[in-house]
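J.: Could you have a look at this structure, given as C-alpha cells, before my questions?
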Amino acid sequence: MKLWGGRFTKETNQLVHNFNASLSFDQKFYKQDINGSIAHVTMLAKQGILTTEERDSIIAGLKGIEADITSGALEFDEAQEDIHSFVEAVLIDRIGTVGKKLHTGRSRNDQVALDMRLYTRDEIDELDKLLYDLLKTIYNIMEANLTTYMPGFTHLQKAQPVTLAHHFGAYFEMFLRDRDRLKDIRKRMNYCPLGAGALAGTTYPLDRTYTAQLLSFDGPTRNSMDSVSDRDYLLETLSALSICMMHLSRFCEEIIIWNSNEYRFVDIDDSYSTGSSIMPQKKNPDIAELVRGKTGRVYGALTSLLTTMKGIPLAYNKDMQEDKEMTFDAIDTVKGCLALFTGMIATMKFNNDVMEASAKNGFTNATDAADYLVNHGVPFRDAHGIIGQLVLLCIEKDISLDELPLEDYKKISPVFEEDIYEAIRMQTCVERRNTIGAPGLAAMQEVLAVYKDYLNN
Ligand code: ARG
C-alpha cells in the first residue's frame, strides 16, 4: 500500500518505483527518522491534537520498530518508497488505526529535511571527535620533536631549516580550522524544520518551539518554504569536508615523499603499509595514497550537490533526494580517512638523523649567512650576492658552507670572521628564529602551551 495511492487508478510501473525509491539509502537515518516522529507526536499530544493514549501507543510502536531494525529482526521492505513510508507502514501494521495519526500536521518534505539535518548534526559530532584525536596525535609528535631539525622546503627545494614540530604545527593549525568550520556549520544549521509541512506550514496549532527543544535545536526555522528546500548546510558541510580532505591529501603527499627510498625521513609502520605481489622488497604507502586519492570523491560530492541545487525552483522538488547518497559517502569517507591517517602517523617512525643531515647539506643556512653580513653593516642585497658566490664556490668544491675555509670567505668579503661558523650552525639558524609563529624553541613552546590549553578544553 502506498501512502499516496488514493488519487491513482493504476499501479506504479515497477521501473518507476525503483527509480523513485530512496529506501535503499535513506534507511541509513532510520534512528533520526524515528526520533523525529517521537518528538512530533509528543508535541501533538501536548497541543491536544492527539490524546496521551494515542501518543503512548504510537511511541511504543516506534520504539519497537527501532529496536527491531537495530537487531535485524525487521528487514526493510523494498516495496516501500522511502524510510518515512516504511516506518509508517510498519507502525500501522503493528498498532492499527492509531498509527495512521502519526503523520498529522507533517509532510515528508519537512520530515526528510529534519532527518537529514539530525543525521548530519550527529555526523558532525563524530567528525569533531576524530579531528580532536588527530590534533592530539599531532600535538604529541610536536612535543617530542621540538629540536628535531629538518629542511623546510619551497618549490620542493630545500629552503631554510625548521623543526619537525614546526612542520607538524602547520597541520595542527589547518585541522584546527577544519574543526572550527564544522562547529560554525553546526551552529548555523541547528534550527528545526519540522512543522514547515509540505511548504506552507500547517493549520494545526503546532508548537514548533517545543518540538525544536525536544530535538535539541536552538529553535524552529523561520520560513516554511526555506525549511523544506534549504540544503545549504549540506553544501557547507561538504565544502568543509573537501577542505579537510585537501589538508589530509597534502599531508599524505609529504609523507609519501618522506617515506620514499630517496628521502627516508620516515618509516611508515608495517601495520600501515602493504606489499607488492611481484616485488618482494616493496613496502608501499598505500594508506597515504588512498587518502590522497579519496579526496576526489569528496570534491565530487560537493560539485554534484552544487550542480543539483542550482536550478531548483522553490520549494521541494524530487531532485533534492539526490542530496543523500554522495553526502553519506563523503562523510563516511572522511571519517575513515581521519581515523586511518591518525593511526598511520601515530605509529610512524621519524628518522631524525636523516632529516637533520638533509637539512645540513642543502645550503639551508644561506639566508643566515647573508644575515651575518647584514649584522656587520653590509646592505642585504649585496650580502645576498656575496653568499650566492660562496654557494657557487661550495658547489664546485662539493662542500657545505659550514666546511668552507675562512680564507675562502675572506677572499669574497673581508667582513667574515671566525664567528661565521657559529652564526650558520643549524641549531643557531633555527633557535634564533623566535618571532611569533617561527620554529625557534622559545616561540614553539609558547604555541604548544596554547595548543595544550585548547586540547584540554
Ligand atoms: N525520499 C524523499 C527525499 O529524499 C522524501 C521526500 C518526499 N517528498 C515528496 N514530496 N515526494 O527527498
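J.: For the range 314-328, name all the residues that are within 11 Å of the ligand (Cβ to nearest atom) and more than 15 Å from residue 235 (Cβ to Cβ).
T.: 315, 316, 317, 318, 321, 325
Table: residues versus (1) away from the ligand (no atom under 14 Å from the Cβ); (2) in a helix (DSSP H, G or I); (3) buried (at least 21 other Cβ atoms within 10 Å of the Cβ); (4) at positive phi.
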{"position": "36", "(1), (2), (3), (4)": "no, yes, yes, no"}
{"position": "49", "(1), (2), (3), (4)": "yes, no, no, no"}
{"position": "90", "(1), (2), (3), (4)": "yes, yes, yes, no"}
{"position": "104", "(1), (2), (3), (4)": "yes, no, no, no"}
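J.: Let me ask something additional. Residue 77 passes all but one of (1) under 24 Å from residue 196 (Cβ atoms); (2) acidic (Asp, Glu); (3) part of a loop (DSSP other than H, G, I, E, B); which number fails?
T.: Residue 77 satisfies every listed condition except (1).
J.: Let me ask another. Answer yes if at least one residue in the range 28-38 is in contact with an Asp or Glu (Cβ under 8 Å, 6 or more places away or on another chain), among the charged types (D, E, K, R) and free of Cβ contacts under 8 Å to residues at least 60 places away in the same chain, and no otherwise.
T.: Yes; the residues of the range 28-38 include at least one that is in contact with an Asp or Glu (Cβ under 8 Å, 6 or more places away or on another chain), among the charged types (D, E, K, R) and free of Cβ contacts under 8 Å to residues at least 60 places away in the same chain.
J.: Just one of (1) surrounded by fewer than 20 Cβ atoms within 10 Å (Cβ to Cβ); (2) within 15 Å of the ligand (Cβ to nearest atom); (3) closer than 26 Å to residue 209 by Cβ; (4) not acidic (Asp, Glu) trips up residue 45, so point out which.
T.: Here residue 45 meets the rest and fails (2).
J.: Report yes if residue 81 is crowded, with 16+ Cβ neighbours inside 10 Å and within 16 Å of the ligand (Cβ to nearest atom), otherwise no.
T.: Taking the combined requirement at face value, the residue satisfies it.
J.: Moving to a separate point now. Working only within the range 179-236, note down all residues that are among the β-branched types (Val, Ile, Thr) and touching a strand residue (DSSP E or B) at 6+ places or on another chain (Cβ under 7 Å). Let's see the steps before the verdict.
T.: Step one: list which residues in the range 179-236 are among the β-branched types (Val, Ile, Thr), which gives 185, 202-203, 209, 211, 221, 228.
209, 211, 221 - these are the residues of the range 179-236 that are among the β-branched types (Val, Ile, Thr) and touching a strand residue (DSSP E or B) at 6+ places or on another chain (Cβ under 7 Å).
J.: Still on this model: Do you know which residues across the range 331-369 are touching a Ser or Thr at 6+ places or on another chain (Cβ under 7 Å) and among the polar types (S, T, N, Q)?
T.: 342, 347, 352, 361
J.: Now, a different point. Looking only at the range 251-270, decide whether some residue is buried (at least 20 other Cβ atoms within 10 Å of the Cβ), free of Cβ contacts under 8 Å to residues at least 12 places away in the same chain and not in a loop (DSSP other than H, G, I, E, B).
T.: Checked the range 251-270: at least one residue is buried (at least 20 other Cβ atoms within 10 Å of the Cβ), free of Cβ contacts under 8 Å to residues at least 12 places away in the same chain and not in a loop (DSSP other than H, G, I, E, B).
J.: Next up: Within the range 344-357, is there a residue that is in contact with an Asp or Glu (Cβ under 9 Å, 6 or more places away or on another chain), free of Cβ contacts under 8 Å to residues at least 24 places away in the same chain and either at negative phi or within 16 Å of the ligand (Cβ to nearest atom) (or both)?
T.: no
J.: Could you pull out the residue among 234, 238, 206 that is out of contact with any Pro (no Cβ under 8 Å at 6 or more places or on another chain) and either surrounded by fewer than 21 Cβ atoms within 10 Å (Cβ to Cβ) or over 28 Å from residue 302 (Cβ atoms) (or both)?
T.: 206
No value in this document is a laboratory result; all are computed from the given coordinates. Bear in mind the structure is a predicted one, so any value in this text is a computation, not a measurement. FYI the Cβ positions are ideal-geometry reconstructions off the backbone, even for glycines, and counts take in every protein chain you see.
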